[in-house]
Amino acid sequence: MNRTKIEYLHYTTNPIVGCSGVGCAVRKNCWAYKTAKRHVKCECCVSFVPHVHWERFDDFLTVKKASRIGVSFMGEFYDKEISNWVRKDYYMRMLKAPQHNFIIFTKQPQNIDDEPLPPNLSIGVSVNQREDLWRIDRLREIECRCRIVSFEPLYEHLDADLTNIGWAIIGAQKRPNLQPKQEWVLALMQYARVFGAKIFLKNNLQPCPVMERIQQYPEALS
């Protein structure tokens, strides 16, 4: 378990690390890949191939206070290279900690089986450009505690249908810094308001006179 500087989380844990890169718009600038290369004790982390760290599967059980926990932010939990029985095993362990709210982001929502998910698990999809918008449609088909869309980094103007989406997170690219245009951010904020999604603007967005720093939480994750 790691305490995190990600504004909307208390902890992160990485039971699955690595990503095959399917459909990833940020592969060349992936901070997770660059960070994983420092883990010289694990050759799979260095190469960033999808793999499992079984020793981390129960680490959140040491945290008794209700927390928001990000799962596998250093990899793709739903990567096609990871067996579904591995994910089912992790789901069962989530049930042992009903006080926590777990959040998993994915770029491969097509690999999420149509099966009941833990009631304390929220699913998010990453959308960086227009060709990623299909992920929101797939997300709407998934029953979970809260549906989340992360527009981080935001690369272009998006006409996003946020029907039945609980939370819209908007951010910039770091290392190298690449800020989205203000009108792109403002457009997404308007879509979120129209469709009833809460808005969370990451601290990495440069402030501007016409855009206040909104950091809302959906009731399901408050």
message: Show me the GluC sites (Glu not before Pro) within the range 68-173 that DSSP assigns to loop and that have at most 12 other Cβ atoms within 10 Å of their Cβ.
response: 141, 143, 156
statement: Checking 94, 211, 189 against a Gaussian network model of the chain (alpha-carbon springs below 10 Å), the top fluctuating residue turns out to be 211
- line: Connecting every pair of Cα atoms under 10 Å apart in the chain and solving the GNM, the largest mean-square fluctuation among 53, 100, 157 falls on 53
At most 14 other Cβ within 10 Å, DSSP loop - trypsin sites (Lys or Arg not before Pro), the range 75-175: 80, 96, 174
- prompt: Per the chain: cysteines with no other Cys C-beta under 4.7 angstrom?
  reply: 19, 24, 30, 44, 144, 146, 208
- request: May I ask which residue of 168, 120, 2 lies farthest towards the positive end of the charge dipole of the range 2-221, with charges of +1 (Lys, Arg) and -1 (Asp, Glu) on Cβ and the Cα centre as origin?
  value: 2
query: Once every DSSP H run of n ≥ 4 in the chain is given -39500 (n - 2.57) and the sum is divided by its residues, what mean residue ellipticity at 222 nm do you get, rounded to the nearest 500 deg cm²/dmol?
result: -5500 deg cm²/dmol
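Read-outs throughout are calculated quantities, based only on the coordinates presented, and are distinct from any laboratory measurement. Since the structure is predicted, the reported quantities are computational estimates derived from the model, not experimental observations. FYI the Cβ positions are ideal-geometry reconstructions off the backbone, even for glycines, and counts take in every protein chain you see.
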